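So the structure is just underneath, and the comments pick up after that.
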């Protein structure tokens with residue numbers, strides 16, 4: 001009985017400590033990466049505004065777990081992706097995980113018409129709840145998402161700057 005009380009008390013204290021540490025972390029997480037691509041903005045935009053075109057530069061898009069429903073909607077592994085907005089300089093999409101976690105991805109195109117250089121800035125934004133495991137887990141977002149974003153942006157750069165003959 002004494003041992004059980006010790007375990008329950010320890011778990012309660014650890015939960016309180018984790019909650020207090022989580023309170024120190026932001027509840028809004030933003031991961032961003034950018035790349036310069038030697039291609040006109042319109043050319044770059046055609047590859048990011050259509051989910052079908054992602055197959056050419058986003059890792060894992062050729063996997064059997066990927067289902068593309070329309071040019072704006074797909075299921076990528078455990079995430080449902082919907083492009084919710086397209087302007088002349090941005091493409092905004094919502095990513096919803098199997099557990100209901102939502103992230104907003106924004107791809108910005110920075111360049112001038114007629115110019116052959118486009119800066120592509122890609123960011124993922126997530127609002128977190130107060131749960132300690134969610135806040136503490138968000139510390140890995142930059143390492144996990146950032147690395148994936150860098151690789152995919154470099155694939156897009158390679159595709160547009162060195163098209164295969």
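The values are calculated or read from the model by the stated rules, or taken from the named source; none is laboratory data. Note that the coordinates shown come from a computational prediction; the quantities given were computed from them, not determined experimentally. FYI the Cβ positions are ideal-geometry reconstructions off the backbone, even for glycines, and counts take in every protein chain you see.
Structure above, values below:
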read-out: Extreme residue, surrounded by the most Cβ atoms within 10 Å (Cβ to Cβ), among residues of the range 111-130 that are out of contact with any helix residue (DSSP H, G or I) (no Cβ under 8 Å at 6 or more places or on another chain) and not in a loop (DSSP other than H, G, I, E, B); value: 123
read-out: Where residue 57 falls short, out of the listed (1) crowded, with 17+ Cβ neighbours inside 10 Å; (2) under 24 Å from residue 115 (Cβ atoms); (3) touching a strand residue (DSSP E or B) at 6+ places or on another chain (Cβ under 7 Å); value: (3)
read-out: From 64, 79, 32, residue being over 13 Å from residue 152 (Cβ atoms), modelled with pLDDT under 95 and loosely packed, with under 13 Cβ neighbours inside 10 Å; value: 64
